[in-house]
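Below: one structure, written as structure tokens.
The values are calculated or read from the model by the stated rules, or taken from the named source; none is laboratory data. Just so it is clear, the structure is predicted and the values come from calculations on it, not from any experiment. A quick note on method: Cβ atoms are made from the backbone with ideal geometry, for glycine too, and the neighbour counts reach across all protein chains shown.
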Amino acid sequence: MPESRSLLGLSSEADLVKVDRAISEFRAGRPVLLRDDGTLALALSAELADPDLVQRLDKLASGGAHVVLSAARLRRLGAKGRTEAGIFALPRIDLDRVESLALKLDARMDAPVAPASALDDAALELARLSLVLPAVLIVYVSAEQVAGEPLVEVELAAISGYRAAQAATLKIVGRAPVPLEGAPETEFVVFRGGEGLRDQVAIVVGKPDLTQPVPVRLHSACLTGDLFGSLKCDCGDQLRETVHWMAQREGGVLLYLDQEGRGNGISNKMRAYKLQSQGWDTYDADEVLGFDLDQRHFDFAATMLKQLGVSQVIALTNNPQKIGAIEAAGLDVAASQRVLGRPNAHNVRYLASKRDRAGHIIDMDALMARAAPKD
């Protein structure tokens, strides 16, 4: 008997489609059914858990539920030096306890932490892809218990392979000249794909020689800094000054990547800003929320550069992680160059933290010289 084929020819994309749908369900606060061979479990965002739904899940769980938290959040709860995710057993699903473990600033561990399973790790990855806090309610179920429920079901392997698979689907969907102030010869090239099918943009300034190393900046979107001129960071300065620098020379490529808040999303960025206003360091604020130093991935950025014909790069960045990601993707980094912003009373601690805690190559003396009043 011949092998059956999808009528629309979409069978090869089935895993991507399932994860896309799972992300949508997870962000809406609805449970997603995770499958690991014969094991089934419902995964629900802890921050979006509806009390009525939780009551129904508690009856379904019969004492077999737990909450999985990231290593960063566990460190904040008191597990010093923790590098792996872990779980707290829930004999009953007490939403107040879950919210305390996942969200409260002054919360501390109230029970032993058990190791996370592959299914738990996949649930946290689904949370990160959904741009919600990395804290997930897990309820193990049988197929009979959820029969007839309109659940999105997804295999663990599909979640773990999602980012790489999406990078491979990137394609150019539009391009047009867009003259910019100080860089009139500029083209915007829009790619579709990447994580969550969010559009990504390459800004090609001038006419860079693709046979030579091309100046390239990977710039993660920053709504507050890029658009509104926030004083809390130097992102807007880096964005505009990079474009002007390229325009004054032989050109270059700036990738404008939808990775707000170091990949945590705009809502979590605002939560972190709130904590910073209360005195927390930028990275400590992220850790309180359950995030490590940097959640970003740059594999799809390298795919964009390759599709533009770029194979050799002069990396315009202060972040060694970006240089390493470009090299790991098979591009040649011929050189790197620092990108300076402007320090002010609101961002100097942020800049120092990037240097001291994330290894960014930032010369604070050079930065402060830029801020010094001129005669």
If you check ARG108 against the conditions, is it touching a helix residue (DSSP H, G or I) at 6+ places or on another chain (Cβ under 8 Å), at pLDDT 95 or above and among the basic types (Lys, Arg)? yes
Going through region 120-148 in order, the residues found to be assigned to a strand (DSSP E or B), among the aliphatic types (A, V, I, L, M) and either over 22 Å from SER100 (Cβ atoms) or without any contact (Cβ under 8 Å) to a residue 12 or more places away in the chain (or both) are VAL141
Expected single match for in a helix (DSSP H, G or I) and either over 20 Å from GLU125 (Cα atoms) or hydrophobic (A, V, I, L, M, F, W, C) (or both) among ALA315, ALA345, ALA302 is ALA302
Among strands (runs of 3 or more DSSP E) entirely inside region 151-209, those with 1 or more residues being in contact with a Ser or Thr (Cβ under 7 Å, 6 or more places away or on another chain) and touching a residue at least 40 places away in the same chain (Cβ under 8 Å) are 200-205
The residue that is farthest from ASP209 (Cα to Cα), considering only those in region 249-277 that are more than 20 Å from the chain's Cα centre (by Cα) and at pLDDT below 95, is SER277
- Is it the case that ALA221 is under 18 Å from SER311 (Cα atoms) and under 20 Å from the mean Cα position of the chain (by Cα)? no
ask   = If you check ALA176 against the conditions, is it of a type in the set (Gly, Ala, Ser), assigned by TED's automatic domain parsing to the domain that holds GLY206, crowded, with 18+ Cβ neighbours inside 10 Å and under 30 Å from GLN248 (Cα atoms)?
value = no
Only one of (1) modelled with pLDDT of 95 or more; (2) closer than 21 Å to VAL154 by Cα; (3) out of contact with any Asp or Glu (no Cβ under 8 Å at 6 or more places or on another chain); (4) not polar (S, T, N, Q) does not apply to GLY38, and that is (1)
